[in-house]
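The values are calculated or read from the model by the stated rules, or taken from the named source; none is laboratory data. Note that the structure is predicted; figures quoted are calculated from it, not measured. Counting neighbours? That spans all protein chains shown, and the Cβs are built from the backbone with ideal geometry, glycine included.
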Amino acid sequence: MKSDTFRRHHQIAILKGFEAQRLPLDLFIMDYCRAHKALGAKDRKVIVNAVYGITRWRALLDYLIDNTPTWEARSDLYATFDPADYFQRDDIPWHVRCSFPKKLFDLIAADYGEEKAFTICLISNTIAPTTIRVNGLKTTRDELLHRWNGLFQVTPCPHSPVGVTFNQNVNFRALEEFRQGLFEVQDEGSQLVAALVQAKPGDTVLDYCAGSGGKTLAVAVSMAGKGQIYLHDIRKEALAEARRRLRRAGIQNAQVIHDDSPHLAKLKKNCDWVLVDAPCSGTGTLRRNPDMKWRFATEWITRLQGQQRTIFEKALSFVKPNGHIVYATCSLLKAENEQQLEHFMNTYNLTLVGPPFKSLPIEQGMDGFFGAVLTRK
């Protein structure tokens, strides 16, 4: 069919073009679609789904291709391919069956064992659910579920009391509820990490690696407009997006503070809560970024450990006596989680408050996250 030829052409063009540059896959696809106006909505959906599927299963596809793998050969095989046919094939190595780079699979297996690592990697190859967090400053989960009853396929999250999962694709930005700031898109695991920050009305909170403010938006609800939240990050573009999200959510007791701001020093030893959502390998969220696993390098972990320790030490200087600091990542690896936690406790004489939070990717559920609350002894 003409449409199949048309779609295959663009599918292969995206795969080849992506391989030749350094943008993340989602941004590259966005730029490609903007540049090719002939692609209709149905075409884009089919093409993008295939591109992501081929990216997820690239190692297994390559194993099954007799000759040197090409994007054309991968695309042809993928069209009739069911990865589940190979999950029980003991003659195929673990990492190939779950289509992961061997070095990354081995790191995960070192922490969880081969069988558990295999399950984690298989789930990391599924499509992530779309989850939203209800903005408790403006509405309730029950109210939104009632409003959406019969309009969308939605279910309440099992663990987050303010989470809702959409069981269908929705253009959220077109929804009036989104424009009114009644909800934000946020994974259930991320919501539970944000809930570790038990800020009260009147507290001073610093989100030290705030990015575009996803966790700040969640933390602000418990403060009920009283006290102050500061969003800090070295990425000014992300903070600009955070400002827009804060306005939409109706949060007025939050302000952006840049890395070069003289006001930052005034917060030293004055914060009740500091959140360190540290840069990490992102191995807990590979469902959303399957291209990242093929760019993974083991030397990243040593470099990230150093960055995480430097950032944590800087962030700790803002915690007041008897205050709390929350360390969080979206990594599966103990080198970035439990081992770092032990280092922080021993180096800075900190006490763990309650058990750490840890989630592994769940099919049709949350992504992989880690979070721990610490205070000075």
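To keep it simple, each residue is scored yes or no on (1) at pLDDT below 95; (2) among the acidic types (Asp, Glu).
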{"position": "Lys116", "(1), (2)": "no, no"}
{"position": "Cys121", "(1), (2)": "no, no"}
{"position": "Asn125", "(1), (2)": "no, no"}
{"position": "Ala128", "(1), (2)": "yes, no"}
{"position": "Ile132", "(1), (2)": "no, no"}
{"position": "Gly136", "(1), (2)": "no, no"}
{"position": "Thr139", "(1), (2)": "no, no"}
{"position": "Asp142", "(1), (2)": "no, yes"}
{"position": "Leu145", "(1), (2)": "no, no"}
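Among the candidates Leu352, Leu360, Leu341, Leu333, single out the residue that is crowded, with 21+ Cβ neighbours inside 10 Å and at pLDDT 95 or above.
After applying the criteria, what remains is Leu333.
Of everything in segment 205-223 that's assigned to a loop (DSSP other than H, G, I, E, B) and in contact (Cβ under 8 Å) with a residue 60 or more places away in the chain, which residue is nearest to Ile325 (Cα to Cα)?
The extreme case among them is Tyr208.
Of all residues in segment 232-253, how many are among the hydrophobic types (A, V, I, L, M, F, W, C) and crowded, with 19+ Cβ neighbours inside 10 Å?
Of the residues in that region, 5 qualify.
Somewhere in segment 336-354, is a residue out of contact with any Lys or Arg (no Cβ under 9 Å at 6 or more places or on another chain), without any contact (Cβ under 8 Å) to a residue 24 or more places away in the chain and under 21 Å from Val197 (Cβ atoms)?
Looking for residues that are out of contact with any Lys or Arg (no Cβ under 9 Å at 6 or more places or on another chain), without any contact (Cβ under 8 Å) to a residue 24 or more places away in the chain and under 21 Å from Val197 (Cβ atoms), one finds at least one in segment 336-354, hence yes.
Which condition number in (1) part of a helix (DSSP H, G or I); (2) among the basic types (Lys, Arg); (3) without any contact (Cβ under 8 Å) to a residue 24 or more places away in the chain is the one that Lys37 fails?
(1)
Name the single residue, out of those in segment 254-268 being small (Gly, Ala, Ser) and free of Cβ contacts under 8 Å to residues at least 24 places away in the same chain, that is surrounded by the fewest Cβ atoms within 10 Å (Cβ to Cβ).
Looking at residues that are small (Gly, Ala, Ser) and free of Cβ contacts under 8 Å to residues at least 24 places away in the same chain, I get Ala265.
Taking helices (runs of 4 or more DSSP H) that do not extend beyond segment 55-102, which have at least 2 residues that are touching a residue at least 40 places away in the same chain (Cβ under 8 Å) and under 30 Å from the mean Cα position of the chain (by Cα)?
Qualifying helices (runs of 4 or more DSSP H): 58-64, 71-78.
Of the residues that make up segment 279-298, is at least one more than 27 Å from Leu239 (Cβ to Cβ), touching a strand residue (DSSP E or B) at 6+ places or on another chain (Cβ under 6 Å) and in the same structural domain as Thr204 (by TED's automatic domain parsing)?
no
Does segment 122-129 contain any residue that is surrounded by fewer than 18 Cβ atoms within 10 Å (Cβ to Cβ), closer than 25 Å to Asn253 by Cβ and either touching a residue at least 24 places away in the same chain (Cβ under 8 Å) or out of contact with any Phe, Trp or Tyr (no Cβ under 7 Å at 6 or more places or on another chain) (or both)?
no
Any idea which of Arg245, Arg287 is of a type in the set (Lys, Arg), touching a Ser or Thr at 6+ places or on another chain (Cβ under 6 Å) and under 30 Å from Asp26 (Cα atoms)?
Arg287
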